[in-house]
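Right, one structure below, let's go through it.
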């Protein structure tokens, strides 16, 4: 088995690409993917947005990477199949859980988060 690069594992792989595209569609953004992890992370910031909004954007990125890592390990060590929609949905849930548990003013439901994440982000004070 060949050693897999970080770039491939989180940004190049076809399945990973599907997860990121689902995320971009959900967030309502068009994107050119960066393959350097720091550049990709820095891409998850909105110009002229309040700090708290960008903290949530960063949280979404971390949730996606976390789920990609978890599912990749499941695939490698347990022979599981990676389902891009499942990875994305669990990342969505993880980000919502983190944001609503750590931010007092984040009073939106998971349903609202899934339907209009940008409105939820901008509702945080």
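Side notes on the structure shown:
- Taking 85, 18 and counting other C-beta atoms within 10 Å, the order from fewest to most: 85, 18
- FRET E, pair residue 48, residue 118, Förster distance 22 Å, beta-carbon r, rounded to 0.05: 0.95
- Relative contact order, percent, the chain [alpha-carbon distance under 8 Å, six or more residues apart]: 27
- log₁₀ of I(q)/I(0) at q = 0.11, 0.17, 0.23 Å⁻¹ - the range 55-125, Debye sum with one point per alpha carbon: -0.29, -0.61, -0.94
- Debye-sum result for the range 6-125 in log10 I(q)/I(0), which assumes one identical scatterer on each alpha carbon, at q = 0.21 Å⁻¹: -1.22
- Residues within the reach of a label modelled at residue 6 (point 7 angstrom out along Cα to beta-carbon, backbone nitrogen below 15 Å), restricted to the range 68-104, are 69.
- Centre-to-centre separation between the Cα atoms of the range 6-31 and those of the range 37-68: 13 Å.
- With Cα atoms, 0 to 90° folded angle of helix 84-102 axis to the chain main axis: 40
- For 118, 72, the sequence from fewest to most other C-beta atoms within 10 Å is 118, 72.
All of the numbers you see were taken from the coordinates with simple rules; none came from a lab. For clarity, every value in this text was computed on a predicted model and none was experimentally measured. Every residue, glycine among them, receives a Cβ derived from its backbone with ideal geometry; neighbour counts consider all protein chains shown.
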